[in-house]
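Visitor: Here's a structure for you.
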Amino acid sequence: MNSILKFVCGTLFNVLMGVVLASLVGVTPAIGAVAGAVVPAVLGNFMPAGAAFEGVYTEVWTGELIKRLNAGLKADWLNGIPDYSAKVDNEVIHLVDVGGDPDVLVNNTTYPIPIQDLTESDVPVGLDKFQTKATRVTDDQLYALSFDKYSADVERHGNAILTVKYKKAAHALAPYSHTDKTPVIATSGATDESGRKKLTVKDIIALKRAYDNMEVPEDGRVLVLCPDHVNDLLEADQSFKDKYYNYTSGKLLNMFGFEVYTYVNCPYYTKAGVKVPYNATPAATDLKGSFSFYRPRMFKAQGSTKMYYSEARTNPTTQESLVNFRHHYIVLPKKLEAFGAIYSWDGATAQSKDQAVPAEKRWAQVRREAAAAAANAAADNPAPDDPNSELEA
C-alpha cells in the first residue's frame, strides 16, 4: 500500500511539473503531462541520487528552490543593482578596475593633443557560499502528515538562505567607517530613553550633502533605513508624516533625492561609528544603522544552487531522508566609494574616522587556504610505512 501511495504521489507530481514546464516553453500542456508520466517510468532506476520520490528528480526540487530564492522574501533595495551573474565562472567573478577617466580639454588650441594612458586591472571576487544544515524527513512523517513535507522543507530552506544572504548584502553595502568617499553620519536628534540620539531630517540632508560633495549623480541614490530610524522620523512631527508616509502601504516615500526603503536586518555600528564585522556578536551598546549607496557603483552576482539528498532506503537504522542546499551569491561595492551610512550616536563618544577596512575572506579564498593547509599537513605528517608491504628490490 505504501509503495502504491508513493508511486501515485510521485506520478502526480511529475505530471504537474510536466504541465508547468510545457506551458513555460509554449508546448501543449497535454504533451507535458504525458512526458511527466511516461519519461520517469521509461527511465526507471536511471535517477539522480536524491530523488524525493521515485521518478521525481533533484533538478526539479533545485529549480523549485531557485524559484523561491528569486521570488521569496523581498529586499527591494537590491533591485536595479547591476547583475553580473552571467560572468560568474567557478563561483568567481572577474571585475575590471578601469581606473580614472580621461581628462577633458575645453577650447583647446594646442596640438598635437597630449596622450593619456588609462590603466586597467583585473579584480577577481569570490562569491559567498551559503549552506543550510541538513534536515531529516522520516518515512513515518511522510505517511502520517497531511501536508507535503518535502515542499514545506524546500520553502524553509529557501527562506533561511534568503534571510542570511540579504543580511550579508546589507552589511556589504554599508561602509566600515567615515571617509571622504564613504560618509558615515551621526544622528543629532533628541536623546531617547536608551541614551541614543534620534534620527532627524537634518541628518538625512547631511548625508545628501555628502553625496553632493562627492559629485554622485542624483539618479540612483538609495537609502535603506533601519527600524529605529524609521520610527524616529514618524515620531518627529505630523507634517513630515503627512508628506513622506504612505498610510496605505505603511512605507516611507522617497525624499531628498534618495529612493527610500526599510529593512529590519541592517548592519550594526558601534557608538564610535564603526561597523561591527558580520560574524561578530554586537555589544550591548552597538545599534543598527541605516545605509545608503549609489546603485550603479554596486554589483550583485548569483552562482550555482545545488541540492544534496540521501534517501531513507539507504539508512536502514533511522529510515529517514536528509536534505540540504548550497547557494552562491555576492553583493559588493565595485570600489570603496559612493556609499554611506547613518548611525545612532550616544552624544558623547568621539567618532572614529578613516579606519582600515578589515579583509574579509570569501569562499574561493577559504577553499584555497583549506586545500593548502591539507597539503601542508600531509607533507608534515607522511603516512607511516606499512610493515606488511613488500620491500622494493
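The values are calculated or read from the model by the stated rules, or taken from the named source; none is laboratory data. Please read these numbers as outputs of a predicted model, since none were measured by experiment. No Cβ is skipped: glycine too gets one built from the backbone with ideal geometry, and neighbour counts run over all protein chains shown.
Visitor: Which condition number in (1) of a type in the set (Gly, Ala, Ser); (2) touching a Phe, Trp or Tyr at 6+ places or on another chain (Cβ under 9 Å); (3) on the phi > 0 side of the Ramachandran plot is the one that residue 169 fails?
Guide: For residue 169, the failing item is (3).
Visitor: Continuing with this model, one more query. Of 237, 203, which residue is in contact (Cβ under 8 Å) with a residue 24 or more places away in the chain, out of contact with any Phe, Trp or Tyr (no Cβ under 6 Å at 6 or more places or on another chain) and farther than 29 Å from residue 360 by Cα?
Guide: Working: 237 fails: in contact (Cβ under 8 Å) with a residue 24 or more places away in the chain.
From the options 237, 203, the qualifying one is 203.
Visitor: Select from segment 258-283 the residues that are closer than 16 Å to residue 340 by Cβ, assigned to a loop (DSSP other than H, G, I, E, B) and modelled with pLDDT of 95 or more and list them in ascending order.
Guide: Within segment 258-283, 266, 267, 273, 274 meet the criteria.
Visitor: Got at least one residue in segment 166-189 being basic (Lys, Arg), without any contact (Cβ under 8 Å) to a residue 24 or more places away in the chain and part of a helix (DSSP H, G or I)? Please lay out each step first, then the result.
Guide: To start, the set of residues in segment 166-189 that are basic (Lys, Arg) comprises 167-168, 181.
If we keep only those that are without any contact (Cβ under 8 Å) to a residue 24 or more places away in the chain as well, we get none.
No.
Listed here are the residues, each with its yes/no results for (1) β-branched (Val, Ile, Thr); (2) touching a Phe, Trp or Tyr at 6+ places or on another chain (Cβ under 6 Å); (3) touching a residue at least 12 places away in the same chain (Cβ under 8 Å).
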site	(1), (2), (3)
273	no, yes, yes
284	no, no, no
301	no, yes, yes
306	no, no, yes
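Visitor: Let me confirm something: among 325, 339, which residue is more than 23 Å from residue 225 (Cα to Cα), surrounded by 23 or more Cβ atoms within 10 Å (Cβ to Cβ) and aromatic (Phe, Trp, Tyr)? Walk me through it before giving the result.
Guide: Values: 339 fails: more than 23 Å from residue 225 (Cα to Cα).
Selected residue: 325, the only one of 325, 339 that is more than 23 Å from residue 225 (Cα to Cα), surrounded by 23 or more Cβ atoms within 10 Å (Cβ to Cβ) and aromatic (Phe, Trp, Tyr).
Visitor: Any residue in segment 227-249 that is of a type in the set (Val, Ile, Thr) and at pLDDT 95 or above? Reasoning before the result, please.
Guide: Kept after step one, since they are of a type in the set (Val, Ile, Thr), are these residues of segment 227-249: 230, 248.
If we keep only those that are at pLDDT 95 or above as well, we get none.
No: segment 227-249 contains no residue that is of a type in the set (Val, Ile, Thr) and at pLDDT 95 or above.
Visitor: Also, I was wondering about something else. Quick one: which residue in 299, 291, 325 is among the hydrophobic types (A, V, I, L, M, F, W, C), over 29 Å from residue 218 (Cα atoms), within 18 Å of the chain's Cα centre (by Cα) and part of a strand (DSSP E or B)? Even if it seems obvious, please write down each step before you answer.
Guide: Values: 299 fails: over 29 Å from residue 218 (Cα atoms); 291 fails: over 29 Å from residue 218 (Cα atoms).
Selected residue: 325, the only one of 299, 291, 325 that is among the hydrophobic types (A, V, I, L, M, F, W, C), over 29 Å from residue 218 (Cα atoms), within 18 Å of the chain's Cα centre (by Cα) and part of a strand (DSSP E or B).
Visitor: Can I ask one more? Given the options 356, 341, 350, name the one that is over 30 Å from residue 136 (Cα atoms), modelled with pLDDT of 90 or more, touching a Gly at 6+ places or on another chain (Cβ under 8 Å) and of a type outside the set (Phe, Trp, Tyr).
Guide: Details: 356 fails: touching a Gly at 6+ places or on another chain (Cβ under 8 Å); 350 fails: touching a Gly at 6+ places or on another chain (Cβ under 8 Å).
It is 341.
Visitor: Residue under question is residue 223, and the condition is that it be at pLDDT 95 or above and over 24 Å from residue 350 (Cα atoms); does it hold?
Guide: Working: at pLDDT 95 or above: yes; over 24 Å from residue 350 (Cα atoms): yes.
So residue 223 passes the test.
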